[in-house]
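The block underneath contains the structure these notes are about, expressed in structure tokens.
The values are calculated or read from the model by the stated rules, or taken from the named source; none is laboratory data. What you are looking at is a predicted structure, and each value in this text was computed from that prediction instead of being measured. Positions of Cβ are backbone-derived with ideal geometry, glycine not excepted, and every protein chain shown enters the neighbour counts. Calculation scope for accessible area: heavy atoms of the full protein, side chains included, ligands and nucleic acids excluded. Shrake-Rupley method; radii C 1.70, N 1.55, O 1.52, S 1.80 Å.
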Amino acid sequence: MAKNLTTKILEAHLVEGRLQPGEEIAIKIDHTLLQDATGTMAMLEFMATGTPRVKVELAAQYIDHNLLQTDFRNADDHAFLTSAARKFGLYLSKPGNGVSHQVHLERFGVPGKILLGADSHSPTAAGLAMIAIGAGGLDVALAMAGHPFRLPCPRVMGVRLTGRLPDWVSGKDLILEMLLRHTVKGGVGKIIEYYGPGVENLSATDRATVGNMGAELGATSTVFPSDRRTREFLESQGRGAAWRELSADPGADYDDHDEIDLSTLEPLIACPSSPDNVVPVREIEGLKVDQVIVGSSVNSSFRDLMTVCRILEGRRVALHVSFNINPGSRQVLENVAAQGGVVQLLLAGAQIHQPGCLGCIGMGQAPGTGQISLRTFPRNFPGRSGTLNDKVYLCSPETAAAAGIFGVVTDPRKLGELMPWPNVGNPEKYLVDDSSIIAPEADGSEVEIVTGPNIIPLPEFEELPDSLSVPVVIKVGDNISTDTIMPAGNKVLPYRSNIPAISRFVFNQLDPGFAERAEATGNGSVVAGENYGQGSSREHAALASRFLGIRVKLAKSFARIHKANLVNFGILPLTFRNPADFDLIRQGDTLSLHGLRDLVASGAEEIPLNLGDRVIVGILRVSARERQELLAGGALNYVRKG
Ligand code: MIC
């Protein structure tokens, strides 16, 4: 039978289960990726497993999210991660070396491998035909300890690409088109596989852009074939030997279908405050822009930055615009510099920052009150920039550069009146400098782990009780992102390795009294609408909630990673059997659950929740193993029990 590429890669890694959409499968993980913001906790979790050395082919620890050493905490985190990487056998990419996704693509990615990353944008590795999946830190820690990764077998959505992108249109516009068509929920439970004759017209870095923001569709992962463009990129990195050809069989079938003629695409932009709030740039032309940022997690490659350099060459950005460049990696910056791009940017009036995530996770670069900010970032959830009621738009580097020059939102095709399309490719041979990557030691057993007073061991959680009485501490609507549940930014990020401290910030932007109320109730619940917990992989959204006593989350539907994180920390993820029951519950009501242990252990899907004299039926749709984890009070308790 003709097979799609996703099936071929999953089959080659299948440890348990059948490739039937929705059934639980366990897959072998080849690469793991940790970044510092999720990595401190994941490393503590790995240590809690008692495993002496990582058991995957390649494990990498990046330091890219928090580079603001405002006090000892951040420097302590870096020292902790560096010592742990040396001891346990991970590559360590030093602060300033770049964003995990970009560096992994450059230096480690291998076609056909499966990567599990403690960051939702890990599917950037789609640029090299990997299946890369974002997950909570505990899942990545368990993979590092040699456990297979378990997930509901995804559906495969085939997107057939034809044609070639027009001038001034790039990979970002393709993924914005996908978001326009399918929304932030459209990819849930799916791997998106691009195929067809249009694929070869997309470079590895354009594919990486599409993979990165597949996370915004809620997709489990994204994959592209491995072809001559993949080989071209690997060769340019001096890693041609890692290449192998991979593609779907001709006539392969897909569970879901879509088709895009690249030549029909036009510049698109996502308006505040959701990545799927997409319109053509021409529709909002003329809107005054205060800030532009190119780079960070996505669109920070050589091609992206050099395109901006060429557009700005010999010009100046409008005086009222703050124009910022966040290079994806030291390698990108070095190569842009080698081709004269840095001088062009400086002469144009750009601010050049160190390679890293920076404003993408609210670490600086917050816009002013009422200001309009155009960013090439992947997400613009409310308040994520660090400014309440922010107005963040997501666009391509071409659109960002046009806004810089004209000072207002401008369709980048208008630049064609000033200059020819720069048509920048990736270099044939990159300048490669691995001096900021520390290779693991052959034997790290003698290395001492360095910690500091802000690195607090994981809290212990009790088993699931038989009865629970859980006041509804908060009731929220649809598409609540983990940025709302557990904000990031410079006040909060330093506490990622300190659960008691970070728990004070749960729902803080939306409802500053949440933490206090949750603690006061002892055990509590959260009631939510559709796609609850979309966005990042940060397990703190579950872990810190559990620390505050949240035992049940009842939603119309959940985002994949957040649901898995809830199970990992022993919180029951229930959906409404009848979504209209959502309207019956008010904040402050109490839900009671009885005979829970038997219900969970017996495989019951229906869990009755008593609300006064009414009964609301919650649905528990988890695997047999996840039921055991819930009973044990979380995945770590379950694994430790053996
Ligand atoms: C994000 O883009 O939201 C982040 C910051 O990279 C997160 C990880 C984190 O919260 O540490 C993600 O995407 O998983």
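If you take the residues of the range 95-108 that are closer than 23 Å to Leu142 by Cβ and in contact with a His (Cβ under 8 Å, 6 or more places away or on another chain), which of them is nearest to the ligand (Cβ to nearest atom)?
Initially, the range 95-108 is screened for residues closer than 23 Å to Leu142 by Cβ, giving 100-101, 104, 108.
Then keep just the ones that are in contact with a His (Cβ under 8 Å, 6 or more places away or on another chain); that gives 101, 104, 108.
Working: His101: 9, His104: 13, Phe108: 18 Å.
Checked the range 95-108; the qualifying residue nearest to the ligand (Cβ to nearest atom) is His101.
Leu431 is checked against (1) buried (at least 23 other Cβ atoms within 10 Å of the Cβ); (2) in contact (Cβ under 8 Å) with a residue 60 or more places away in the chain; (3) not charged (D, E, K, R) and fails just one. What number does that condition carry?
With (1) buried (at least 23 other Cβ atoms within 10 Å of the Cβ); (2) in contact (Cβ under 8 Å) with a residue 60 or more places away in the chain; (3) not charged (D, E, K, R) applied to Leu431, the lone miss is (1).
Name the pairs whose Cβ atoms lie under 7 Å apart, with the first residue in the range 458-481 and within 21 Å of Val639 (Cβ to Cβ), the second among the β-branched types (Val, Ile, Thr) and surrounded by 17 or more Cβ atoms within 10 Å (Cβ to Cβ), and 6 or more positions between them or separate chains?
Pro459/Ile499; Leu464/Val600
Take the range 367-385 and flag every residue that is touching a residue at least 40 places away in the same chain (Cβ under 8 Å), farther than 26 Å from Leu265 by Cβ and away from the ligand (no atom under 13 Å from the Cβ). Before the answer, list the steps.
As a first pass, look at the range 367-385 and keep what is touching a residue at least 40 places away in the same chain (Cβ under 8 Å): 367-368, 371-384.
Right, trim to farther than 26 Å from Leu265 by Cβ and you get 367-368, 371, 382-384.
Within the range 367-385, Pro367, Gly368, Gln371, Pro382 qualify.
If you check every pair at least six apart or on different chains, which have Cβ atoms under 6 Å apart with a residue in the range 482-505 that is of a type in the set (Phe, Trp, Tyr) first and a residue that is in a helix (DSSP H, G or I) and at pLDDT 95 or above second?
Listed pairs, sorted by first residue: Tyr495/Ala501; Tyr495/Ile502.
Looking at Arg160, Arg231, which is the one that is free of Cβ contacts under 8 Å to residues at least 40 places away in the same chain, out of contact with any Pro (no Cβ under 7 Å at 6 or more places or on another chain) and among the charged types (D, E, K, R)? It would help to see each step written out before you state the result.
Details: Arg160 fails: free of Cβ contacts under 8 Å to residues at least 40 places away in the same chain.
Checking each option against the conditions leaves just Arg231.
Please go through the range 423-455 and pick out each residue that is touching a helix residue (DSSP H, G or I) at 6+ places or on another chain (Cβ under 9 Å), of a type in the set (A, V, I, L, M) and in a loop (DSSP other than H, G, I, E, B).
Val424, Leu431, Val432, Val447, Ile449, Val450, Ile455
Looking only at the range 177-199, which residues are of a type in the set (A, V, I, L, M, F, W, C) and open to solvent by 10 Å² or more (accessible area, probe 1.4 Å)? Talk me through it step by step, then tell me what you get.
Here is the first cut: in the range 177-199, the residues of a type in the set (A, V, I, L, M, F, W, C) are 178-180, 184, 188, 191-192, 199.
Result: Leu180, Val188.
So which residues in the range 560-591 are touching an Asp or Glu at 6+ places or on another chain (Cβ under 8 Å), in a helix (DSSP H, G or I) and away from the ligand (no atom under 16 Å from the Cβ), if there are any at all?
If we filter the range 560-591 for residues that are touching an Asp or Glu at 6+ places or on another chain (Cβ under 8 Å), which is where we start, we get 564-565, 567-570, 577.
Of the ones still in play, those that are also in a helix (DSSP H, G or I) are 564-565, 567-568.
Residue satisfying the conditions is Val567 alone.
Tell me, please, whether a residue that is over 20 Å from Ile480 (Cα atoms), without any contact (Cβ under 8 Å) to a residue 60 or more places away in the chain and open to solvent by 20 Å² or more (accessible area, probe 1.4 Å) can be found in the range 200-208.
Checked against the condition, which is being over 20 Å from Ile480 (Cα atoms), without any contact (Cβ under 8 Å) to a residue 60 or more places away in the chain and open to solvent by 20 Å² or more (accessible area, probe 1.4 Å), the range 200-208 yields at least one hit.
Met41 fails exactly one of the following numbered conditions: (1) within 21 Å of Leu358 (Cα to Cα); (2) touching a residue at least 24 places away in the same chain (Cβ under 8 Å); (3) more than 13 Å from the ligand (Cβ to nearest atom); (4) not small (Gly, Ala, Ser). What is the number of that condition?
(3)
Evaluate the range 305-313: report whether one residue or more is closer than 21 Å to Ala125 by Cα, away from the ligand (no atom under 16 Å from the Cβ) and in contact with a Phe, Trp or Tyr (Cβ under 8 Å, 6 or more places away or on another chain).
For the range 305-313, residues closer than 21 Å to Ala125 by Cα, away from the ligand (no atom under 16 Å from the Cβ) and in contact with a Phe, Trp or Tyr (Cβ under 8 Å, 6 or more places away or on another chain): absent.
Among residues belonging to the range 63-102 that are at positive phi and touching a helix residue (DSSP H, G or I) at 6+ places or on another chain (Cβ under 8 Å), point out the one that is surrounded by the fewest Cβ atoms within 10 Å (Cβ to Cβ).
So the first thing to find is which residues in the range 63-102 are at positive phi, and the list is 89, 96, 98.
Subset that is touching a helix residue (DSSP H, G or I) at 6+ places or on another chain (Cβ under 8 Å): 96, 98.
Numbers: Gly96: 15, Gly98: 30.
Residue satisfying both the conditions and the ranking: Gly96.
Among the residues of the range 318-333, which ones are in a loop (DSSP other than H, G, I, E, B) and either of a type in the set (A, V, I, L, M, F, W, C) or open to solvent by less than 50 Å² (accessible area, probe 1.4 Å) (or both)? Quick ask: steps written out before the conclusion?
Of all residues in the range 318-333, those in a loop (DSSP other than H, G, I, E, B) come to 318-321, 327-328.
Of everything in the range 318-333, those that are in a loop (DSSP other than H, G, I, E, B) and either of a type in the set (A, V, I, L, M, F, W, C) or open to solvent by less than 50 Å² (accessible area, probe 1.4 Å) (or both) turn out to be Ala318, Leu319, Val321, Pro327, Gly328.
Of the residues that make up the range 243-265, is at least one buried (at least 23 other Cβ atoms within 10 Å of the Cβ), under 27 Å from the mean Cα position of the chain (by Cα) and among the β-branched types (Val, Ile, Thr)?
Within the range 243-265 (the criterion being buried (at least 23 other Cβ atoms within 10 Å of the Cβ), under 27 Å from the mean Cα position of the chain (by Cα) and among the β-branched types (Val, Ile, Thr)), the answer is no, since none of the residues qualifies.
Please go through the range 535-558 and give me each residue that is within 16 Å of the ligand (Cβ to nearest atom), open to solvent by less than 10 Å² (accessible area, probe 1.4 Å) and not in a loop (DSSP other than H, G, I, E, B), ordered by number.
Correct list: His540, Ala541, Ala542, Leu543, Ala544, Ser545.
Since Ala141 meets every condition but one in (1) within 16 Å of the ligand (Cβ to nearest atom); (2) in a strand (DSSP E or B); (3) among the small types (Gly, Ala, Ser), which condition does it not meet?
That leaves (2) as the condition not met.
Tell me, which residue of the range 291-317 that is of a type in the set (S, T, N, Q) and within 15 Å of Gly171 (Cα to Cα) is surrounded by the most Cβ atoms within 10 Å (Cβ to Cβ)?
Initially, the range 291-317 is screened for residues of a type in the set (S, T, N, Q), giving 291, 296-297, 299-301, 307.
From what is left, the residues that are within 15 Å of Gly171 (Cα to Cα) are 297, 299-301, 307.
Details: Ser297: 30, Asn299: 34, Ser300: 32, Ser301: 32, Thr307: 27.
Here the answer is Asn299.
Could you grab the pairs with beta carbons closer than 6 Å, sequence gap of 6+ or different chains, first residue in the range 67-79 and farther than 12 Å from Ser497 by Cβ, second one open to solvent by less than 40 Å² (accessible area, probe 1.4 Å) and assigned to a loop (DSSP other than H, G, I, E, B)?
Pairs found: Leu67/Gly356; Leu68/Met363.
Mind checking which residues of the range 10-62 are surrounded by fewer than 21 Cβ atoms within 10 Å (Cβ to Cβ), touching a Gly at 6+ places or on another chain (Cβ under 7 Å) and among the charged types (D, E, K, R)?
Once the filter is applied, which keeps residues that are surrounded by fewer than 21 Cβ atoms within 10 Å (Cβ to Cβ), touching a Gly at 6+ places or on another chain (Cβ under 7 Å) and among the charged types (D, E, K, R), the range 10-62 yields Glu23, Glu24, Arg53, Lys55.
Mind checking whether some residue in the range 332-354 is in contact (Cβ under 8 Å) with a residue 60 or more places away in the chain and either of a type in the set (Lys, Arg) or under 18 Å from Arg384 (Cβ atoms) (or both)?
Among the residues of the range 332-354, not one is in contact (Cβ under 8 Å) with a residue 60 or more places away in the chain and either of a type in the set (Lys, Arg) or under 18 Å from Arg384 (Cβ atoms) (or both), which makes the answer no.
Give the range 50-79 a look and list any residue that's in a strand (DSSP E or B) and touching a Ser or Thr at 6+ places or on another chain (Cβ under 6 Å), or say none.
Listed by number, the residues that qualify are Ala59, Tyr62.
Scan (1) in contact (Cβ under 8 Å) with a residue 40 or more places away in the chain; (2) away from the ligand (no atom under 16 Å from the Cβ); (3) outside any helix (DSSP H, G or I) for the single condition Thr82 breaks and write down its number.
Single failed check for Thr82: (3).
Test Ile480 against the criterion of being closer than 29 Å to Pro573 by Cβ, within 16 Å of the ligand (Cβ to nearest atom) and surrounded by 15 or more Cβ atoms within 10 Å (Cβ to Cβ), and give yes or no. Please lay out each step first, then the result.
Details: closer than 29 Å to Pro573 by Cβ: yes; within 16 Å of the ligand (Cβ to nearest atom): yes; surrounded by 15 or more Cβ atoms within 10 Å (Cβ to Cβ): yes.
Spelling it out, Ile480 is indeed closer than 29 Å to Pro573 by Cβ, within 16 Å of the ligand (Cβ to nearest atom) and surrounded by 15 or more Cβ atoms within 10 Å (Cβ to Cβ).
Residues to consider are Gly588, Gly570, Gly612; find the one that is within 28 Å of the chain's Cα centre (by Cα) and at positive phi. Quick ask: steps written out before the conclusion?
Details: Gly588 fails: within 28 Å of the chain's Cα centre (by Cα); Gly612 fails: within 28 Å of the chain's Cα centre (by Cα).
Going through Gly588, Gly570, Gly612 in turn, the sole match is Gly570.
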